[in-house]
Amino acid sequence: MSSGRDINYFEQTGQAIAEELLRRRARERAKAVKYSREQAEQSRKITHENEAAELERLAVLGQIPQAEYKARMAGLAETVDNDPPDSP
């Protein structure tokens, strides 16, 4: 027959295991959030680079006036500057 001390030991062990699982899940969630933010930032950078390259292409081909090119590039640079950094 089990004594009260054995039951208490198993309860404490079970609780310790459950707490460790919760800590691991929290760490994994934090890693996933960090990775997701990094991917979103990389995607924004690629998008801005593509937009800038397209504007330059249009300007070189003469499909947009130089003034429009400058204005749109300034607007693009402003959106890059206004992108909020990801909070930790």
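Numbers at a glance
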item	result
Given charges at beta-carbon only (K, R positive; D, E negative), |dipole| of region 1-73 in Debye	120 debye
Surface per residue (accessible, 1.4 Å probe) for the chain, Å²	85 Å²
Cβ-based charge dipole, region 1-46, positive-most Cα from Q39, N8, L22	Q39
Karplus-derived 3J(HN,Hα), 6.51/-1.76/1.60, for each residue of region 15-29, Hz, glycine and proline x	5, 5, 5, 4, 5, 5, 4, 5, 5, 4, 4, 5, 5, 5, 5
Separation in nanometres of the label points that stand 7 Å from Cα toward Cβ, at A67 and K45	3.6 nm
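The values are calculated or read from the model by the stated rules, or taken from the named source; none is laboratory data. This structure is a prediction, so every number in the text was calculated from the model and none was measured. Because the Cβ atoms are built from the backbone with ideal geometry, glycine has one as well, and the counts that use them run over all protein chains shown. Heavy atoms of the whole protein, side chains included, go into the accessibility calculation; ligands, DNA and RNA do not. Shrake-Rupley method; radii C 1.70, N 1.55, O 1.52, S 1.80 Å.
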